[in-house]
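In what follows, a structure is listed as structure tokens, so that the remarks can point back to it.
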Amino acid sequence: MTEAKIEAWLEEDRAFAPHEEFAAQANAQPSIYADADRDPVAWWRQQANRLTWASEPTTTLEWELPNARWFADGTLNASVSCVDVHVKEGRGSRVAFHWVADAEGESRTITYHELSRQVNRTANALIELGVTKGDRVAVYMPMIPEAIFTMLAVVRLGAIHSVVFAGFSAEALASRILDSDCRFVVTADGAFRRGAPSPLKPAVDEALTSCPDVSAVLVVKRTDGDVGWVEGRDHWWHDVVERQSDVHEPEAFGAETPMFIMYTSGTTAKPKGIFHTTAGYLTQVATTYHYVFDVKPETDVCWTAADIGWITGHSYIVYGPLINGVTQVMYEGLPDSGGRDRWWKIISEHRVSILYTAPTTIRTLMKWGHQLPASFDLSSLRLLGTVGEPINPEAWMWYRKNIGANRCPIVDTWWQTETGAILCSPLPGITATKPGAAMRALPGIYVAVVDNDGNEVGHGEGGYLVVTHPWPSMTRGIWGDPDRFFDTYWSRFPGKYFAGDGAKLDPDGDLWLLGRVDDVMNISGHRLSTTEVEHALVGHHAVAEAAVVGASDDTTGQAIVAFVTLKLSAEDAEKDQARIIEELRQHVSSTISPIAKPRQIILTPDLPKTRSGKIMRRLLRDVAENRSLGDVTTLTDPTVVNMIAGLMETHASSED
Ligand code: WT7
């Protein structure tokens, strides 16, 4: 189906009706919305019974904007709700993870009982290394089971994990370690990518040259490569963890004990340490996993195809699924490790029933052709999910038809690192769906679309998405920077949480997300700020000024386009153009991450600026997306942008 056909189809206002067959067995029934509306706070208190409490809370919500406390006088241990309870209640032999390696044929099966032993050993090892309650532990690991053992062991001790995506550079790792003063790092010597080992430990060693307070590094041996070693500081996992007792008596902590920090890009060059606390977060990830993914723990096999380095991995690989006691697939590799049919092999082999991924991956799989999934038995699938960016109707329809056999409901789940868990999504079987729409807020969640003045827009109108009531898994703030927390999220529309997303309500009142309205870009579902990339570019000795925009891209949603002025003379720059551009792309990649590598760099003698000296990013975005230029009258020199537009056409773009 083409975009135009989908548009026409939507014009006729056709949604996919609720799925009756599915609904008959669904965890969520239509009355759920009204049940929650009657008393949302009480409804959430009921949901908190999904956790295993050491002492039950007698309070539910204490709210003093922007600070929420949920279930504050209750006590619990997060890892007990995820692991111990299943063993204790007789589910120890159920598989928690089918771990599938990058290399075909290599796998591990981990039952809840085995998971419990491993978490306890890891917790005992961390104690030996000196980790205590409240300490921050950086986790810089590939997608291997030890990453999950580590996260659960850290929270078992009441310590705080800060998982840094293993694709981040040494510099990015160092700044995150320093920002939250992590004293411990857990890592691996390397990771596998399409069969090839790629080292990780060197980045840790480099990062730690500027982090003198890190006292211990625990290293999983994953590859055969040699690694640098600092005696006294570095410890092999197999030396320290494997000899530990597999018994560990968990302590109970207060419900508001900080649990983890996850860095994410804001609108400035410095990523924000979004932190989450224990019981509110766990309650909402468990509840949303139960209702949105409709999990049946005895029979489902769930696969959240994300990395533990992002919030999706935290909420829907680790905490939500484990509290629900489900069986999952955890996959180390890339979608084409071992061939472009790898995903379909995994799904058919493990009889995956619930698949959750990002639109950018769906578009990549789509490019590889529908013949590949068609040649596998995907009949085990019963529910599909998507997250990370607005999904274009064409990708949604492809997913529905070619992966879901027009049978599986699709849940388009809108949420953020800050929200901790899903806030907006259809409920499978009971909410009608439309290709590209997140449809509505979940039970117990209240959102609105407002105009510039904060007034709610009518059906058929667009504006900004806000959340109007506190929710259990909301971030408790930015690590070390409470003022920035208030300013960023709570000041734009007084009394409401401003998500940073544009949205519209269609004529039926259903919700569509339209992408960021700030300087945050969304590259393959990864958040990066324009300033962060500009900062990296300006850090290169040859660069005078840089302006970065996110331009729409068929596969990655948005791609980075950078406009750069050099310190060199025009002639020198002209001579060496291709080399300079490549060097700058590499520079950004190694300063931040390969994710941040600009798709295109335009060297220009000048940047378009307003009379007050601000770079006109809006115009540059128009240029980058080949749109006709709007109003240029506020520019100091309107000819600059026409010149840049000319340069765009003459420069061949450099793509990987
Ligand atoms: C931003 C949050 C939530 C886990 C992954 C990303 C965009 C997320 C959707 C969706 C449209 C979406 C928003 C949001 N986004 N899900 N279903 N439809 N946009 O987490 O890195 O914190 O990014 O991702 O723009 O603000 P994140």
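What the table below lists for this structure:
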| quantity | calculated |
| --- | --- |
| The lone exception for Gly436 - which of (1) free of Cβ contacts under 8 Å to residues at least 60 places away in the same chain; (2) under 30 Å from His19 (Cβ atoms) it fails | (1) |
| Any hit, region 363-378, residues being within 13 Å of the ligand (Cβ to nearest atom) and open to solvent by less than 20 Å² (accessible area, probe 1.4 Å) | no |
| Residue count, region 478-495 (criterion: within 15 Å of the ligand (Cβ to nearest atom) and in contact with a helix residue (DSSP H, G or I) (Cβ under 9 Å, 6 or more places away or on another chain)) | 1 |
| Among (1) more than 12 Å from the ligand (Cβ to nearest atom); (2) in contact (Cβ under 8 Å) with a residue 24 or more places away in the chain; (3) not polar (S, T, N, Q), the one test that Gly404 misses | (2) |
| Long-range neighbours under 6 Å by Cβ, at least six apart or interchain, first residue assigned by TED's automatic domain parsing to the domain that holds Ala499 and in contact (Cβ under 8 Å) with a residue 40 or more places away in the chain within region 450-461, second small (Gly, Ala, Ser) and open to solvent by less than 50 Å² (accessible area, probe 1.4 Å) | Val450/Gly463; Val457/Gly463; His459/Gly509 |
| Failed condition for Pro390, given (1) open to solvent by less than 40 Å² (accessible area, probe 1.4 Å); (2) within 16 Å of the ligand (Cβ to nearest atom) | (1) |
| Tally, over region 185-220, of residues that are aliphatic (A, V, I, L, M), outside any strand (DSSP E or B) and within 20 Å of Val100 (Cβ to Cβ) | 1 |
| Which listed residue is in a helix (DSSP H, G or I) and open to solvent by 60 Å² or more (accessible area, probe 1.4 Å), from Ala48, Ala4 | Ala4 |
| Selected residue (criterion: surrounded by the fewest Cβ atoms within 10 Å (Cβ to Cβ)) from residues of region 566-575 that are in a loop (DSSP other than H, G, I, E, B) and at pLDDT below 85 | Ser569 |
| Candidates Glu461, Glu532, filtered to the one that is surrounded by 22 or more Cβ atoms within 10 Å (Cβ to Cβ), away from the ligand (no atom under 11 Å from the Cβ) and of a type in the set (D, E, K, R) | Glu532 |
| Residues within region 335-362 that are surrounded by 17 or more Cβ atoms within 10 Å (Cβ to Cβ) and among the acidic types (Asp, Glu), tallied | 1 |
| Count - residues of region 543-564 that are surrounded by fewer than 18 Cβ atoms within 10 Å (Cβ to Cβ), touching a residue at least 24 places away in the same chain (Cβ under 8 Å) and either away from the ligand (no atom under 16 Å from the Cβ) or basic (Lys, Arg) (or both) | 3 |
| Conditions (1) crowded, with 22+ Cβ neighbours inside 10 Å; (2) assigned to a loop (DSSP other than H, G, I, E, B); number of the one not met by Phe165 | (1) |
| From His540, His587, residue being away from the ligand (no atom under 12 Å from the Cβ), touching a Leu at 6+ places or on another chain (Cβ under 9 Å), outside any loop (DSSP other than H, G, I, E, B) and outside the structural domain of Asn455 (by TED's automatic domain parsing) | His587 |
| Residue that is nearest to the ligand (Cβ to nearest atom) [pool: residues in region 343-362 that are under 16 Å from Ala306 (Cβ atoms) and assigned to a helix (DSSP H, G or I)] | Pro359 |
| Tabulated pairs, region 414-425, first open to solvent by 10 Å² or more (accessible area, probe 1.4 Å), second near the ligand (Cβ under 7 Å from one of its atoms) and in a loop (DSSP other than H, G, I, E, B), C-beta under 6 angstrom, 6+ apart or interchain | Trp414/Ala438 |
| Residues that are part of a helix (DSSP H, G or I) and either within 23 Å of Ala101 (Cα to Cα) or not charged (D, E, K, R) (or both), drawn from region 364-387 | Thr364, Leu365, Met366, Gln371, Leu372, Pro373, Ala374 |
| Selection count, region 342-365, where residues are touching a Leu at 6+ places or on another chain (Cβ under 7 Å) and among the hydroxyl-bearing types (Ser, Thr, Tyr) | 2 |
| Checking Leu442 against (1) closer than 21 Å to Leu282 by Cα; (2) crowded, with 24+ Cβ neighbours inside 10 Å; (3) near the ligand (Cβ under 9 Å from one of its atoms), the condition it does not meet | (3) |
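The values are calculated or read from the model by the stated rules, or taken from the named source; none is laboratory data. Just so we're clear, the structure is a prediction, and the values are computed from it rather than from any experiment. No Cβ is skipped: glycine too gets one built from the backbone with ideal geometry, and neighbour counts run over all protein chains shown. SASA here: full protein model, heavy atoms, side chains in, ligands and nucleic acids out. Shrake-Rupley method; radii C 1.70, N 1.55, O 1.52, S 1.80 Å.
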